[in-house]
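The values are calculated or read from the model by the stated rules, or taken from the named source; none is laboratory data. Since the model is a prediction, treat every value here as computed from it, not as a measurement. Glycine gets a Cβ as well: all are built from the backbone with ideal geometry, and neighbour counts include every protein chain shown.
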Amino acid sequence: MSTRNLVSVDIPDADITKVKDALKLVVDTLGPYVIALTPEDRRTMLKMGDGTEPFVEKTMDYVASNPQFLPSVVSAVEMGKDWKVISQLTPILRTVEQLQSNLNDTIMESGSELYADCLGYYGGVQFGVKMNIPDAKPIDEDLGRRFKGQGRRKKPNGGN
């Protein structure tokens, strides 16, 4: 049994269904407004980060108050649309990123706890094989496939 047990919950299926339905609503609602970029697009495009945002915000104010400096090939209307999309979607993205981080952490911790417990069980099976307990050998052979070809791990101090 693992020594840590940070995740000990039983999420009702009805709650999981509610979450899936809510996520489907979000995906369906935002679907017409979001795009997907290629890795090449991402690599080569200008990126607006936290350091650039104050510059962009000031520029948007100046475009509104001093439009005479706007080049004719740049549309103030399109700039305004881009700024509005950023303002609308950024809080949603931050919430989703927080949720994603928490989901990843919960799944990682649950997986770690479960894997540790499974290794404990496997150790019990291996002990059962050594003691010639019925049914231990086929379980050991089946579970042992996970570790086949890995060999013995070296101890951190360089010993075996």
Query raised in the report: When the residues of the range 42-64 are filtered to those that are over 15 Å from Thr90 (Cα atoms) and of a type in the set (Lys, Arg), which remaining residue is farthest from the chain's Cα centre (by Cα)?
Result: Lys58
Report summary line: Filtering the range 22-43 down to residues that are among the charged types (D, E, K, R) and surrounded by fewer than 10 Cβ atoms within 10 Å (Cβ to Cβ) yields Asp28, Glu40, Arg42, Arg43
Requested in this report: Return yes or no: is Glu109 modelled with pLDDT of 95 or more, loosely packed, with under 10 Cβ neighbours inside 10 Å and either part of a helix (DSSP H, G or I) or in contact with a strand residue (DSSP E or B) (Cβ under 9 Å, 6 or more places away or on another chain) (or both)?
Outcome: no
Requested in this report: Could you check Val125 against (1) over 30 Å from Gly144 (Cβ atoms); (2) of a type in the set (Val, Ile, Thr); (3) touching an Asp or Glu at 6+ places or on another chain (Cβ under 6 Å) and say which number it fails?
Outcome: (1)
Query raised in the report: If you scan the range 75-89, which residues turn out to be loosely packed, with under 11 Cβ neighbours inside 10 Å and of a type in the set (Val, Ile, Thr)?
Result: Val77
Report summary line: Selection over the range 112-148 where residues are more than 30 Å from Asp10 (Cα to Cα), polar (S, T, N, Q) and in a helix (DSSP H, G or I) yields a count of 1
